[in-house]
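One structure is given here, and the rest of the page talks about it.
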Amino acid sequence: MPTGLPTGAAHNRSRTLRIAVVAVAAVLLVAAGVLIVPSLFGGRAQAVRLEPDATLDLTALPQVDLDDAFTTDTAARYAPHQPFPKEARPQINVGAGRFTGSRAEPYFTLLAGPARLPADQAVSVLTIGSFAGTGQPEDSVFVGWVKNHDSYITAWYNNTRKTTGFDLRVGGEFRAVPGEIPLGLAPGDRLAVLLTRDRATSYVEHAGTWRRLHTAFVADLFATAQARQGYHYGFGLRGTTGTSSVAHFEGRSLPN
């Protein structure tokens, strides 16, 4: 028998010790909000699956793919898409800490940013600048990932109705998602969508505290690099009339 390999009782003791070490490590990592499962037989670690939680820890996704505080005119970095032809694109102004959309008639634009969705574990975060405050049906912001005018997944907030929900549209068809729920947001609050492989979960941050809102299952929509092809971190503005703005936009991911 080759030397260097445990045998008999020694083998059992060694195996028990290794399992105990793995169990302790797994507990510590789960408590930290991630899960890493090392191979018991010396194989490469199977990495990381984030899970939706009651709160959101942005540091769990350390790779910053996009970070725009709109201090200068970055409008050219964003590709505009018009989801519905009867709603025009707004006039856009960017700078001094605001990405602003304005129009006297109904408008809707989704902006696909310069960074692609690089992995199936990522977060898209929008900081609210201002609402139109007109009391008209549409006074909304959106955040998530945008491919084009008829393929996108976004969480939205409607300031007139004080509700939030999801839009999941693929090839022009809307997929089933949870219904809207009550929510009140103010300038400076943050709305985020966390992608964790087969699901997207929305969160809101108010007064420095994140809380979970909704979860929508997206199946294998973002499961592979090919499936993610063309999707970009993005956000949107929609209004019946008036001016609304975004104060900051960020995209982060967990490197593969």
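Give me the pairs: first residue in segment 145-160 and over 13 Å from Phe108 (Cα atoms) and buried (at least 19 other Cβ atoms within 10 Å of the Cβ), second residue of a type in the set (S, T, N, Q) and at pLDDT below 95, beta-carbon distance under 9 Å, and six or more apart or on different chains, which are they?
Cβ pairs passing all conditions: Lys147/Gln229.
If I go through segment 76-95 residue by residue, how many of them are closer than 21 Å to Gly230 by Cβ and among the aliphatic types (A, V, I, L, M)?
Qualifying residue count, segment 76-95: 2.
Within segment 73-126, can you find the residues that are of a type in the set (Phe, Trp, Tyr) and crowded, with 18+ Cβ neighbours inside 10 Å? Break it down stepwise before answering.
Keep residues of segment 73-126 that are of a type in the set (Phe, Trp, Tyr), which gives 78, 84, 99, 107-108.
Within segment 73-126, Tyr78, Phe99, Tyr107, Phe108 meet the criteria.
The conditions are (1) surrounded by 14 or more Cβ atoms within 10 Å (Cβ to Cβ); (2) out of contact with any Phe, Trp or Tyr (no Cβ under 9 Å at 6 or more places or on another chain), and Tyr231 fails exactly one of them. Which is it?
Against the list (1) surrounded by 14 or more Cβ atoms within 10 Å (Cβ to Cβ); (2) out of contact with any Phe, Trp or Tyr (no Cβ under 9 Å at 6 or more places or on another chain), Tyr231 comes up short only on (2).
Taking only segment 234-251 into account, find how many residues are open to solvent by 50 Å² or more (accessible area, probe 1.4 Å) and among the charged types (D, E, K, R). If you could, list the steps in order and put the result at the bottom.
Filtering segment 234-251 for residues open to solvent by 50 Å² or more (accessible area, probe 1.4 Å) gives 243.
With among the charged types (D, E, K, R) added as a condition, the list becomes none.
Qualifying residue count for the region: 0.
Go through segment 95-145 and count every residue that is of a type in the set (A, V, I, L, M), closer than 25 Å to Thr59 by Cα and part of a loop (DSSP other than H, G, I, E, B).
Count: 2.
Within segment 81-100, which residues are touching a residue at least 60 places away in the same chain (Cβ under 8 Å) and within 26 Å of Glu173 (Cα to Cα)?
To start, the set of residues in segment 81-100 that are touching a residue at least 60 places away in the same chain (Cβ under 8 Å) comprises 81-83, 87, 90, 97-100.
Matches in segment 81-100: His81, Gln82, Pro83, Glu87, Pro90.
Out of (1) surrounded by fewer than 18 Cβ atoms within 10 Å (Cβ to Cβ); (2) without any contact (Cβ under 8 Å) to a residue 40 or more places away in the chain; (3) within 20 Å of the chain's Cα centre (by Cα), what's the single condition that is false for Arg199?
It is condition (2) that Arg199 fails.
Looking only at segment 167-179, how many residues end up being out of contact with any Lys or Arg (no Cβ under 9 Å at 6 or more places or on another chain) and either in contact (Cβ under 8 Å) with a residue 40 or more places away in the chain or of a type in the set (Ser, Thr, Tyr) (or both)?
Residues flagged as out of contact with any Lys or Arg (no Cβ under 9 Å at 6 or more places or on another chain) and either in contact (Cβ under 8 Å) with a residue 40 or more places away in the chain or of a type in the set (Ser, Thr, Tyr) (or both) within segment 167-179 amount to 0.
Residues that are over 23 Å from Pro118 (Cα atoms): which strands (runs of 3 or more DSSP E) entirely in segment 149-256 hold 2 or more of them? Steps first, answer last, please.
Values: elements: 151-158, 163-170, 190-196, 199-206, 209-217, 232-239, 242-253.
Per the criteria, 151-158, 163-170, 199-206, 209-217, 232-239, 242-253.
The values are calculated or read from the model by the stated rules, or taken from the named source; none is laboratory data. Quick caveat: nothing in here was measured; it's all calculated off a predicted structure. A quick note on method: Cβ atoms are made from the backbone with ideal geometry, for glycine too, and the neighbour counts reach across all protein chains shown. Just the protein is used for accessible areas: all its heavy atoms, side chains included, with ligands, DNA and RNA removed. Shrake-Rupley method; radii C 1.70, N 1.55, O 1.52, S 1.80 Å.
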